[in-house]
Structure formats: C-alpha cells, structure tokens
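The values are calculated or read from the model by the stated rules, or taken from the named source; none is laboratory data. All figures in this text were calculated on a predicted structure; none of them were measured in a lab. All Cβ positions, even for glycine, are placed from backbone atoms using ideal geometry, and neighbour counts span all protein chains on display. Note: areas computed on protein heavy atoms with side chains; ligands, DNA, RNA excluded. Shrake-Rupley method; radii C 1.70, N 1.55, O 1.52, S 1.80 Å.
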Amino acid sequence: MEETAKQDLVFLELRQKLQSGLLFIRSDIVRDGADVEIESKQDSILNIQTADWTYQVHLTSGVSLVETLCQKSPGSTEHGSHFRLRLRVDQPSEAPCSVIGELQVKVTYSFLCQSCGSMVLQNRAFGRVLPLPNGNWNALVDDWCCHPDPFANRKLLPRDGDCLLGDTFILLARDSSCEQTLTREGNSSQQASAEQKRSSKRVMVSCRSCSAVLGEELTAEVLKFYITEILVKPHEDGECDIAQLSLETKPNSIRQRFLEQTLASRLVELSSAQSIFRFSIQTPDGKPVILLWLLNTDTLVASFPDAAARGDSFISAGDVHPREHQSCQAVQAVKVLYVLCSDSKLKDVVDVWEKDISVHPLPLPQGSCEELQKLLMSSTFRLPAFLRCMNSYQVCPLLQR
Ligand SMILES: [Zn+2]
C-alpha cells in the first residue's frame, strides 16, 4: 500500500467560513478513536492527545476550538479515525498577495531568478503599473463587436517605465543590464534573422547563471517574465513577503513552496476579482496540462507526517520529540479539484473544459507545468484516502503561506 505509506499520521482541515473542521488520525496511531482527547487549553492552540503521543497545532490568531461541540464522526474508516470539530473564528485570515497584487508605482524593485537568486533586473521603478485584459479578451472582443475586431493583430506592450500585469506574467521594457543577466533561446548575430525567428516561434529567455527559463522575448524591447520564475524585491528590503523566502536551505522544497504559494495566491486574486473558479494551466503555446477548479479559499491545514516522510510534509513539524510531543502551525490554503490532461481516462472531461470559454487560461513555462503536476499529485497522496478524490477529480490543498 504505497499510498497509505505516504499518508500523513495526523491531518487537520479547518474551514473558517463554516467554522468547522475535520481531524484525521491514522489507524496505526489510534485504533478506534476512543482514547483520543482533543482540547484547547489556550486560545488558538489545539491539543490532540493519544495514548502515546501529543500533537499540538497552533491555529492562526482568532481561531479557536469550541470544545464542547467536538464529536466523533460516525464513519471511522479502516485507515484511521476522523473527528468533526466546531470552531470559533473571530476574524477570517487575510489572503497574502501574489507579486502581481504587490507591485506598485514609484517603488524601486529588483528582479531575481527564483531558482538561483541571481539578479536579473536591478532598481526598476515604474510610472505606470497596469493590468492587461484577462486571458480570453480576444475571444470576448469578438462577442462585443458588430464589426471586425479592431484589436486583431495588435499587441498591448509596455513603454519605458511601464509594468503591465497579466494573469501569470508581467511585461517590462528591456534595459541594457539584460545582456549580462539573460540568455535567449536561438541567439542570432543578425537582427533580421532574429526578427524572422520571433515571428515564427517563441523566443524564451533564461537566467544566464542557472539556465532556468524565466519568460519570453515578445519584441526586441519587451520581455515577459512569469511570476512563478522570478522573485521581486522592493528596494526597502524585508518589507515584502516574497522577499523573505530564503534561498539558502533545501532549494528543492523552497522552489516547490514558492510555486505553490504563487499559484494559490493568484487563484485567490483572480477568483475574487473576476469570479473565475475554473482554470486551465497550460504551456506558453496553449497546450493544457492541468485543469483546476478552485473549491474554497478559507481553509487552514496542518499535518504531521510519518517519520520516514517528514521532510515531505505539508508543513514540517517544528518541534519534534518522537513518541512524546510534536507541534506545528496551521497554514492558510486553498482547496482545489484537478485533472491532469495526460490522463487518457479523463479525455471526455478535458474535451468539455477545452471548449468552455469560462475556463480561464493560466500559461506557465513547460517546466513549471510539470513541477506543478508532481506537486499536486504528491499533496493528494498525503491526504487521508477518503479525501483524495471527488468524482473524476483529484483533491489537493495548495498552501498560501
Ligand atoms: Zn538562475
């Protein structure tokens, strides 16, 4: 049972809006649930006591357990016991912004390669930070205009001092420092052949230090950077959440966490601004890779992984004393349903979504689409078995912090 081996020992999922939660404890920790005590001696701290172990979850401030209404759910499964919790939520937590929500005019920013931390663009301040129309805007113009589309074949491009915000990318004017920090796919010595190449295929731009693909060259003067590939630091260092990501330890898990947080925060922003809940994560040339349905944005999750898989947990336990006491912080998450387009059994679902104009395209570099596939699948396998799927869709919490 490989799947059970990866499943976390204890998993907690709380819904702030519903003021309720679900606690799952794996069967090798507690057999029938009778000897489990769940209590909240201090505000915002949940204690889960089994015969041998104590698990402590630090909830976010303003969230606490209403003890008397904690009750055992009727359906304990062969994999473990689960409990329903009733909560008190004074103030639901605010969702963190993505870099697209953070960028402002007249603030000086530096842009770094997320993979290796190298500087890509230094000290850029913008006179205008403007959103681009949403991903389906060309199709929508056709519906609105009774004459031929006036914007056909015209691109919205930034001038010097502009920063244009797409759904998953920013557009900036190139500056002279790019020659030292970026490489372009298919470099050509002759400008004419570069122009031809640009019209026939995409010109990807990569970090000169580590070769990670960061974006595309739209014209000779304009660059597109994907928000999953760059770190944006305001000049007043330390002010911005994204600036606090350390690049020093566990580069792999930091990369995964960054990708997960960036996607989660963008899903929240797009759904609240435009009431969009279904997304198609696709490669830059429009090939769908993952179809994603945003279920809710008010979830808090906490988990305690098996000792063997501790480094792979949703949230690594901060205070580990085996067979005694473990604690962790509950983290804000969004819950999504997804299907992988490579799954041939789900071709019908994929076909229906592809024809639906209300499904919002989210282009990302091919490598990041593949990383996201792995990340979603690994998060799903760590859930209790009964929470992993809903009809044809897989379920996964994406952490926001
Ligand atoms: Zn790099």
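Note on segment 102-124: residues that are open to solvent by 20 Å² or more (accessible area, probe 1.4 Å) and either without any contact (Cβ under 8 Å) to a residue 40 or more places away in the chain or away from the ligand (no atom under 16 Å from the Cβ) (or both) total 8. Consider segment 358-393. How many of its residues are open to solvent by 70 Å² or more (accessible area, probe 1.4 Å) and either among the polar types (S, T, N, Q) or not in a strand (DSSP E or B) (or both)? Matching residues across segment 358-393 total 6. Going residue by residue through segment 343-356, is there one that turns out to be modelled with pLDDT under 95, in contact with a helix residue (DSSP H, G or I) (Cβ under 9 Å, 6 or more places away or on another chain) and small (Gly, Ala, Ser)? The answer is no, given that none of the residues of segment 343-356 is modelled with pLDDT under 95, in contact with a helix residue (DSSP H, G or I) (Cβ under 9 Å, 6 or more places away or on another chain) and small (Gly, Ala, Ser).
Quick one: would you say Asn187 is at pLDDT below 70, away from the ligand (no atom under 16 Å from the Cβ) and more than 21 Å from Pro363 (Cα to Cα)? When the stated conditions are applied, Asn187 passes them.
For beta carbons closer than 6 Å, sequence separation of 6+ or different chains, a first residue in segment 207-234 that is within 15 Å of the ligand (Cβ to nearest atom) and of a type in the set (Asp, Glu) and a second that is part of a strand (DSSP E or B) and open to solvent by less than 10 Å² (accessible area, probe 1.4 Å), the qualifying pairs are Glu229/Leu214.
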